[in-house]
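The values are calculated or read from the model by the stated rules, or taken from the named source; none is laboratory data. Predicted, not measured: the structure shown is a model, and the values here were computed from it. Methodologically, a virtual Cβ is constructed for each residue, glycine included, from the backbone with ideal geometry; neighbour enumeration extends over all protein chains shown. Note: areas computed on protein heavy atoms with side chains; ligands, DNA, RNA excluded. Shrake-Rupley method; radii C 1.70, N 1.55, O 1.52, S 1.80 Å.
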Amino acid sequence: MKKFYIRKVLDGLTAASSSSSSSTTQPGTPKENDVVQETLQSEHFQLCKTVRHGFPYQPSSMAFDPVQKILAVGTQTGALRLFGRAGVECYCQHESGAAVIQLQFLINEGALVSALADDSIHLWNLRQKIPAILHSLKFNRERITYCHLPFQSKWLYIGTERGNIHIVNVESFTLSGYVIMWNKAIELSTKTHPGPVVHISDNPMDEGKLLIGFECGVVVMWDLKCKKADYRYNYDEAIHSAAWHHEGKQFVCSHSDGTLTTWNIRAPAKAAQIITPHGKQPKDGKKPEPCKPILKVEYKTTRAGDPFMVLSGGLSYDTVGRRACLTVMHGKSTTVLEMDYPIVDFLTLCETPYPSDFQEPYAVVVLLEKDLVVIDLGQIGYPIFENPYPLTIHESPVTCCEYFADCPAELIPALYSVGSRQKRQGYSKKEWPISGGNWGQGTQSYPEIIITGHADGSIKFWDASALMLQVLYKLKTAKVFERTRGKEEKPSTDIVEEDPFAIQTLSWCPESRMLCVAGVSAHVIVYRFSKQEITTEVVQLLEVRMQGEFSDGDSPDPGGEQTPTLPTPGASSSPQEGELPTQPSTGSNSSDGPRDNIPCLQVRSSPLKQSPGYQVELVIQLVWVSGEPPQPITSLAINSSYGLVVFGNSSGLAVVDYLQKTLLLNMGTSDLYSPSDPYQRQPRSPRKQRQPSGALSDSNDGANPSEDRCKSPTSGSTSPNNSDDERKQNFIEKVKNKSRRFSKTVANDFAKMSRKISSSHEPRPDQEERSQRWRSLTYKKRVCSVNEDTAAAEVIRKGGVCRTMSVPVLNAKDNSFTRSRSSSVTSIERESREAISSFHFCESFPRKNDSLASPCLLVGTTQGSVMMVALSMPPGGDQRLQQPVGISSCGTMASLKGGIMTMALLDAAGALLPPSYEPWYDANASDEEKEKSRRRRPATPPSSQEGQDSQFAVLCSEKQAKVLAMPSQTRLYKHNITESSFVLRADVVQMAGSNCIACFCANGHIMTLSLPSLRPLLDMNYLPLTDMRIARTFCFSNLGQALYLTSSTEIQRITYSQETCDNLQEMLSELFTPVETPEAPNRGFFKGLFGGGAQSLDREDLFGETAAGKASRSLAQHIPGPGGMEGMKGAASGVVGDLARARIALDERGQKLGELDERTAAMMASADSFSKHAHDMMLKYKDKKWYQL
C-alpha cells in the first residue's frame, strides 16, 4: 500500500517519490498531518468482455436444439448468439468475420456446426461457458451452399455451388472419400448444369435414401448404398426448399413462382399436387398468376389432426408495399401473419427430435431482420409468446446511454412496479419454449441500472444486475409535445426534421429519482417520480432565449442592449405580444422576416394524463434568436437538494430553479471569465423586462401592462441608454455592411471587436449600489456577464400551457469588466468555438480565502477552462419556494488542455464527495407520507481552517487530468493522459473501496488513474474508435463496469476489474445441461414383423476410410481449433466438469479400494503362511523332550 503525504513544500520542491514519472506534483497547502492512503494497485485491474445484450446485428441464419432447447443465431458479421431461458445468453465470434450461412446442432451433444460464406465449417464446443472452436475445415475449390446433419449421426453432408455433395466426419473433421457428383446424380435428365445444391435431407424412414434438391428445379432421390439415383423429379421453376412428410412417402417443394409441389416418392413423372397458396385462381381453369418466391416451407404432422404447413414468402405481386408474411396452412384454413420486418429464417419447434415420428409442432420461431418472434401454434389465432430477452434496445435508435452500478436497492422494484403496467396484452399464456441452460452462480448482488435514450424521444430503464438485462420502465418524452403533421407546420421542427424528439443527453439522480433530459430540438424536460396517476391541466413551460456572441443571425451588441425581434403575430403566444411592433434583424437574410422567440417544438395544449412513473415537472425550451435556431444542448445536470437544473451549449449556460419555475442565470460562455476581483462585476437580474430601443416606452411609465404583471418582485428597473444603443448599433451595422464580401464568421469577428471599441467608459451612477447588493448575496438573481441573454418572466396562458417567456434584458455595459484577452482574430475565433462541456454540483469553497464550504457549481468548457459558480440557497421548507436563489460567478479555477470531460471532489482522506441530494418522496402522496419520507439534504462538509486545504478537486479533460487542493486552488498533481489522441469519455468511479479516474480514448485505449496522485494503473489497447456510436454511448460505472453500443442493436458490457474477471466463469450462464435423449418411436409389432419401420444405415461402412478411401488433400484444409484445451478448462467449471470430477473421484476411490484389497489379500496370505509355519514347528517339536532340542 502506497501512502501519499500532502504537505507544504517551502522551497518549491516536488515530492517526486509520491508520483509516477508521467505525473507532476506541485506543493499544496493542506493540513500538515493529512495522509491519503491509496489502496488501488495495478493488480486490481484487468480488462475483458463480459456479456453482450440485444438483438443480433444483421442476422443471417438460425438453428434450434429440440432436446437442450437452445436457439443459435448467426449473423452476417460472423457472430454467434445463443439463447436459452430468460437470462441465459452467450456471444461468440468467428475470427474471419465472414457471414454465417447455416447452423446445425449436434442435438443433445453440446456441439454446433457453423458454415460460413468463406467456405469454411467450424465445430463449436458448447459444453463450456465460453464456447470455443474445436475443429475447422476450409474448402479451397468449392463454395458451400447447404449443409445437413442427420439426427444422431456423425456424418455431415455438404452441398456446393458446383452441385456436388461432400461428407465430413464431425468427430475428426476430416473429409470422406465418398462424393456425390452432380453429373452422376442427374445423368441425362437435364441438358445443362443443375445449379447449386439448395437442399439435402435423408428419408425419415430410410437413412440410405438421400433427397438432393438442385436450384434449377431437379430433385434427386439418391441411394447411398448403391451409389446411384433411384428417382428424379423435374419441375419447370427453380426450387428454394423441400420438406418431408414423417412417413417418408411424400415430400413438398417450394418454388420461385410461389407454388408448392407435393411429390410421391415412387411417382416421379408428375407432382401429386400443385398449389399456389396466395395466387388468384382463374375461373377457366388456367394456371394461376405467378407470385413471389416461397423461400422456405416446413411440413409437420400431428397425431390427432391435420398437418401443418408453414411457409414464408409467396405473396401476390400486386401486394406492393405489403409487409413480410408468414403463412400457416392447417387443414382447410390458411392464416397469414404479417411481420414488422423482413423474414430471415424460421423454424418449427416440435415435440420430438426424431424425423420418423409424428412431429407435433407447438411453436414457430421467426427470425426477422430486427426482431425475434415466437408464434404459439397451439392456441386459436396463433398469438405470440412474450419475449423475455432484451431484444428491443433498437426499437428506436439509441442516441445516448448511461450506466449506474450499485444503485439504491429500492429503485429496481419501484421502476418494475410502474413498468409492469405498461406491458402489452394478448400474449400466449404458455411458458417461453426456448428454456435451456442454467443461470450463472455469480457473487455480485449489487443493483445495476442502464438508461438508454432513443431517437423517438423515449427513455428506457433496464435492470442490468448479475450480467442480465431486463427492461423495467419506458418513458415517452414526446407525449409532452404536439405532433405536427401538416406541411405548413413543418418549419417549426426544421432543425431536426427526422427525429425532433431525439434524446441528446440526460442527468439522473438515483437517490431522489429526479430525471432531466435534453433533446435535439433544444428542449429540456424535468421529471419527478410518482406512484400516483395524475392529470396535468397546464404543462409548466419556461422559454429561454440564449444567443451566442458570434451567432450568424444575431446583431452583436456590447452589453445585452440588442434590439430584439418579437414573434410574428401568427406565432405569438398572446394578443399583447402579437401587437408589439416587430424590429428588423441585421443578421438575417430571410425575405419574409426572421423567426424569433419561437421554440422548435410546440408543447401540447390539452390536459396531459400522466401514469405512475416519471411525470413532467417542467419543460424548458430554447427559442430562435433573430432567425437562427438555438444551439444544441451539450451538457446537463440536475441537483435535487438545490432544486436546480443547469444546461449549456455553444452559446452559454442557463440555470433554472425547477421548484420556483424561474430562470436564474443566462449568460454567454466568455462572460463566465472574471478579472481578479469578481466583486467589481455589475450584477444584472435575468428576470428584468428588456425593451427594444425606440419601440417600447420606459419601464417606469406603465405603458405596457403585460410587462408589469410579469416583473419579478425583487427586480429593479433600468432605463435604457438609447443614445448609446443607437450609436453602437449604427457602428455595428457599418462594420457588417463593409464586411459582406467576407464570410459570416469574419463579419462577426469584426462585430466583436467593435463591441470592445464602442463600450462606454463612463461609470453608471447605480454601480456602487449594485456592487453592494452583490457583496451581500441577497439579490435574487446575479449574473456575472458582459453580454448576457437574461430574461424577464412573462407569464402567458394560451390553450392550457403555462408559458414563461424569457426576453433579453436591456442593460448598459459594465465598464468595470476588463478581461486580459487578446483582441486578435485568432483569439476571437477561439472564444466563438468555446462551449459548455460539463457541470458538477458540489459543496466546496467558491473562493480561495473561503473557510466555509457552501453549495457550488463547477462549469467546464470545451477549451479546458473550469469555472466556479457560487450558489446561495434559501432555507428549506416554504421559504425555499418563496425566497430567491443567489448566484455569483467566481471566475476561472483552472485551465487544462482539451475540453473538460468530468469533475469531482474528494475529501481530505481521498473519499469521494458526491453531490448532495434530497431523498425521494412522492410529491402526489398525502402530506403525512411526504413528511415521513422527506428529509433535509445532507449537511455541508466540515469547514476548512485558515490556510489549510480540506478537499481535492479532480478535473479531467480530453488531454490531461489535474488534482487541485481546495480552497487554495493549488495544483497538486497533473497527468498527461494522451498526446496523439483524445479522451472520449472519462468518469470518476468507485472501485475496490477506493476511487479512480477511468478514461476511454479515441485510439482505443482504456486507462485508469489513481486518486488523488493520478498514478497510471491500467492502460490497455482495447477498441479503436471505428464508429461514432461507440463514442456516443461508451460509459463507465462503479465497481469496474462499463458498456457501449457495439452495433445499432447490441450493448457490449465489459469489466476493468480483476476480481470480476476472475469470477467471470462462475457468473456466466451454462448453455449445456445433461438431459436424456427421448426414446425412439415404437415401431409396433407389425412394422417390426414386416419391416415397415425406419431403416437404419451403418454410415461408417459407407463413408469410412476403409470403404470410401481418403478425400483429396487439395479439396479442403483441416485447421485444429483453439478450443481443445480451453474446452477442458471450461468444462472443469461447469456441470460437465462436476460430473467429470465426480467420475474421476470415483475412479480414484475404486483404485484406492483395489489397492487396499490387494494389500489385505497379501496380509492374509502372509498370515496363512505364518500360521502354517507355526503349525509345522509345533508338530516337529511336539514329542521331543527339552533336552533333545
Counting only heavy atoms of protein chains, what accessible area per residue, in Å², does the range 396-450 have with a probe of 1.4 Å? 52 Å²
Could you do me a favour and compute the accessible area per residue for the range 97-233, 1.4 Å probe, result in Å²? 34 Å²
Set the Förster radius R0 to 41 Å, insert the Cβ-Cβ distance between Lys332 and Arg1113 as r into 1/(1 + (r/R0)^6), and round the FRET efficiency to 0.05. 0.15
Cα gyration tensor shape of the range 857-915, rounded if a/c is under 1.5, else prolate or oblate by comparing a/b with b/c: oblate
Out-of-range pairs (alpha-carbon distance over 24 Å; input Lys191/Lys270; Lys154/Lys209; Lys184/Lys300; Lys184/Lys296; Lys249/Lys270): Lys184/Lys300; Lys184/Lys296
Tell me, what % of the accessible area of the range 405-459 is carbon and sulfur with a 1.4 angstrom probe? 49 percent
Considering all projection directions equally, how large on average is the shadow of the alpha-carbon convex hull of the range 103-153, in square nanometres? 3.8 nm²
Approximate shape of the range 201-251 as ellipsoid semi-axes (Cα gyration tensor, √5λ), whole Å, largest first: 18, 14, 8
Mean Cβ neighbour count within 10 Å, used as a protection proxy, ranking 972-979, 172-179 highest first: 972-979, 172-179
In order over the range 906-915: 3J(HN,Hα) from phi, Karplus 6.51/-1.76/1.60, θ = phi - 60°, whole Hz, x for each Gly or Pro, gives 10, 7, 5, 8, x, 7, 5, 9, x, x
Could you look at the range 157-213 and say what percent of its accessible area is carbon and sulfur, using a 1.4 Å probe and all protein chains? 52 percent
Could you compute how much accessible surface Glu402 exposes when probed at 1.4 Å, giving the result in Å² to the nearest 10? 40 Å²
Ranked highest first by the average count of other Cβ atoms within 10 Å around their residues, in what order do 1096-1103, 377-384 fall? 1096-1103, 377-384
Positive-end residue of Leu326, Pro353, Val366, charge dipole of the range 324-385 with Cβ unit charges: Leu326
Return the long-range amide H neighbours of Val344 (sequence gap of 5 or more, or a different chain), with a cut-off of under 5 Å between placed amide H atoms. Leu367, Leu368, Glu369
Quick one: of Lys474/Lys661; Lys292/Lys1110; Lys225/Lys286, which pairs are farther than 32 Å apart, Cα to Cα? Lys292/Lys1110; Lys225/Lys286
Dividing the alpha-carbon radius of gyration of the range 603-658 by 2.2 N^0.38 Å (N being the number of residues), what value is obtained? 1.38
Can you give me the % of accessible surface on the range 627-671 that is carbon or sulfur? Probe 1.4 Å, all protein chains present, nothing else counted. 45 percent
Could you tell me how far the Cα centroid of the range 270-284 sits from the Cα centroid of the range 160-203, in Å? 31 Å
